[in-house]
Amino acid sequence: MAAPHTRPQSKLNPLPEPPPVSEAMALAHRRYWRFNVALIAVLMSLGFAVSFVVPLFARALDSVRFAGFSLPFYIGAQGAILLYIVLVVLYIVLMQRADRELQAAREADTAIREAGQEQQR
């Protein structure tokens, strides 16, 4: 029977302690990442629909015209590329807004901590 594996305890280079995080900052991070994951899921679903669902129904959508062309042809030729560019731009714009909100929460949290430290002095 093998001996149980133990982690070596190195006292020369211990792992640093993570900085303390306030409850408000933890909530802001959770909201940020929940929004990020939801946004990615929605945008990936739209990309999937354009890439795979529209070609599955190409014959049924052949009678639909867009810009003088049948819809499956238009999406295959250039519509999908345009949609992917729109999805990337939309992701950039929405994540920049979310980043600004998280930065505002971080600055507010820092201001509250500094005010609390000033009162303790």
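Taken together, the values in this text are just the output of simple stated rules run on the coordinates, not laboratory data. A quick note: this is a predicted structure, and the numbers were derived from the prediction, not measured. So basically every Cβ, Gly included, is an ideal-geometry build from the backbone, and we count neighbours across all protein chains shown.
Of note:
- Only a single criterion out of (1) free of Cβ contacts under 8 Å to residues at least 60 places away in the same chain; (2) out of contact with any helix residue (DSSP H, G or I) (no Cβ under 7 Å at 6 or more places or on another chain); (3) surrounded by 12 or more Cβ atoms within 10 Å (Cβ to Cβ) is not satisfied by residue 101, namely (1).
- The condition of being surrounded by 13 or more Cβ atoms within 10 Å (Cβ to Cβ) and over 21 Å from residue 24 (Cβ atoms) holds for only one of 49, 58, that being 58.
- Where a residue in segment 15-41 is without any contact (Cβ under 8 Å) to a residue 60 or more places away in the chain and its partner, wherever it lies, is aliphatic (A, V, I, L, M) and surrounded by 12 or more Cβ atoms within 10 Å (Cβ to Cβ), with Cβ under 8 Å and at least six apart: 39/94; 39/95
- Residue in segment 50-70 that is in contact (Cβ under 8 Å) with a residue 60 or more places away in the chain and not small (Gly, Ala, Ser) present: no
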